[in-house]
């Protein structure tokens, strides 16, 4: 009985051990299968993480490039803005110099150009022009003076003329030889004179004084010359050479 019991116990023990071994092998197999499955999953995750890392690095590099490009454009725009401000400063300084020059030169010009410049300056001073627009207007004034200086101009106007009884308004014909010299004769032919640039501005000299400055012994020849010039200006096809006396005033340009 004792031997049988021992044999049964031994068989049970071997069975249990075998069962435990089988369980362990089963668990081992499950663990290995689980590891293989998890390993593949982990490898896939690692691959995805690497791809995401590479994508993020590419985005970072692209962002750096974009930022560098933006910084470069901002720098260029800043330089352009500074250059524009410097140009505006230079233009403003030039406008100031031009205005000073115009105020200094204007009294030296013939009255028709003086009147044009005065009207133009009034418009400029009363209109909110930009610097470039002001410069354009001022250059237009110089252009009109230059064109006037390149031709002989006839101007019919009323003029204050000294007489024996004081001064009187008369209708006269003024003939301008550019910007520096002019003559006038009244429509009744009794009064004449010369105009010229002098040190302190444009000055008219009348009849006897004009005759003296021109060195005329007879006014008839002078009046005839003016009549010929006036006729040629009215009818350019009759143009011919005419002797017209001049009286140029000495001017010290450094004092202008």
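Descriptive notes on the structure:
- Test: residue in region 97-119 that is closer than 30 Å to residue 180 by Cβ, part of a helix (DSSP H, G or I), at pLDDT below 90 and touching a helix residue (DSSP H, G or I) at 6+ places or on another chain (Cβ under 7 Å): yes
- The condition of being buried (at least 17 other Cβ atoms within 10 Å of the Cβ), over 17 Å from residue 201 (Cβ atoms), modelled with pLDDT of 90 or more and not assigned by TED's automatic domain parsing to the domain that holds residue 224 holds for only one of 138, 177, that being 138.
- Qualifying residue in region 49-58 (condition: over 56 Å from the mean Cα position of the chain (by Cα) and at pLDDT below 80): yes
- Test: residue in region 81-104 that is under 30 Å from residue 207 (Cβ atoms), over 21 Å from the mean Cα position of the chain (by Cα) and in contact (Cβ under 8 Å) with a residue 24 or more places away in the chain: no
- Boolean, residue 203 is buried (at least 17 other Cβ atoms within 10 Å of the Cβ) and farther than 13 Å from residue 244 by Cβ: no
- Residues located in region 222-241, provided they are closer than 28 Å to residue 201 by Cβ and either touching a helix residue (DSSP H, G or I) at 6+ places or on another chain (Cβ under 9 Å) or modelled with pLDDT under 80 (or both): 222
- Test: residue 114 is under 30 Å from residue 196 (Cβ atoms) and not assigned by TED's automatic domain parsing to the domain that holds residue 249: yes
The values are calculated or read from the model by the stated rules, or taken from the named source; none is laboratory data. Since we're looking at a predicted model, the values are computed, not measured. In this analysis, Cβ positions are derived from the backbone assuming ideal geometry, glycine residues included, and neighbour counts consider all displayed protein chains.
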